[in-house]
Amino acid sequence: MNRKYTLLLILLLLTIASVLYWRNFYTPFYPVAYKGGEYIVNNTEPLSNSFNHNITQVLEYYEEDYKICQGIVHVKNSLHKNDALMYNYTRKAQDSIWMVKHKLQYKQ
């Protein structure tokens, strides 16, 4: 009986550790589009330096955690899973008017 509780406790701890690791793991940011009622991630083309610059400014404006690894912006999985928010950030990084209005430096 005691062995069952030990195994259950170990399983519970492993599950919690896996969830926390997944939420805090970073994944590359790819632009998200909205077409035909669904979100589409464009991960086929390399991102330009200007888009990377703009998206980092948007992420900083909204106080989102990100990292730059080998010139590619990475965001946490918990953020990356939210397609609507990723689409919103993509649109703002591409919108020069929004960037200037919020006193951010826009690169073309």
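The values are calculated or read from the model by the stated rules, or taken from the named source; none is laboratory data. The shown structure was predicted, so the numbers you read here are calculated from the model rather than taken from an experiment. So basically every Cβ, Gly included, is an ideal-geometry build from the backbone, and we count neighbours across all protein chains shown. The protein model used for the area step is the full one, side chains on, heavy atoms only, and it has no ligands, DNA or RNA in it. Shrake-Rupley method; radii C 1.70, N 1.55, O 1.52, S 1.80 Å.
Taking each residue of the range 90-103 that is among the hydroxyl-bearing types (Ser, Thr, Tyr) and looking for partners that are at pLDDT below 95 and surrounded by 16 or more Cβ atoms within 10 Å (Cβ to Cβ) with beta-carbon atoms closer than 6 Å, six or more apart or interchain, yields Thr90/Pro31; Thr90/Val32; Ser96/Tyr106.
When we screen Leu59, Leu47, Leu14, Leu20 for residues that are part of a helix (DSSP H, G or I), of a type outside the set (D, E, K, R) and modelled with pLDDT under 85, the only hit is Leu20. Scanning the range 1-40 for residues being open to solvent by less than 70 Å² (accessible area, probe 1.4 Å), touching a residue at least 24 places away in the same chain (Cβ under 8 Å) and not aromatic (Phe, Trp, Tyr) gives a total of 5.
Applying the condition of being in contact with an Asp or Glu (Cβ under 9 Å, 6 or more places away or on another chain) and assigned to a helix (DSSP H, G or I) to the range 68-84 and asking which residue is surrounded by the fewest Cβ atoms within 10 Å (Cβ to Cβ) yields Asp83. Across the range 23-44, the qualifying residues are those that are under 19 Å from Ser78 (Cα atoms) and among the polar types (S, T, N, Q), and the one among them that is modelled with the lowest pLDDT is Asn24. For the range 43-67, a residue qualifies if it is under 21 Å from His102 (Cα atoms), free of Cβ contacts under 8 Å to residues at least 40 places away in the same chain, open to solvent by 70 Å² or more (accessible area, probe 1.4 Å) and more than 11 Å from the chain's Cα centre (by Cα), and the qualifying residues are Glu60, Tyr62, Glu63. Here the range 86-108 is the region considered, the condition is being among the hydrophobic types (A, V, I, L, M, F, W, C) and surrounded by 15 or more Cβ atoms within 10 Å (Cβ to Cβ), and the residue that is farthest from Thr56 (Cα to Cα) is Trp98.
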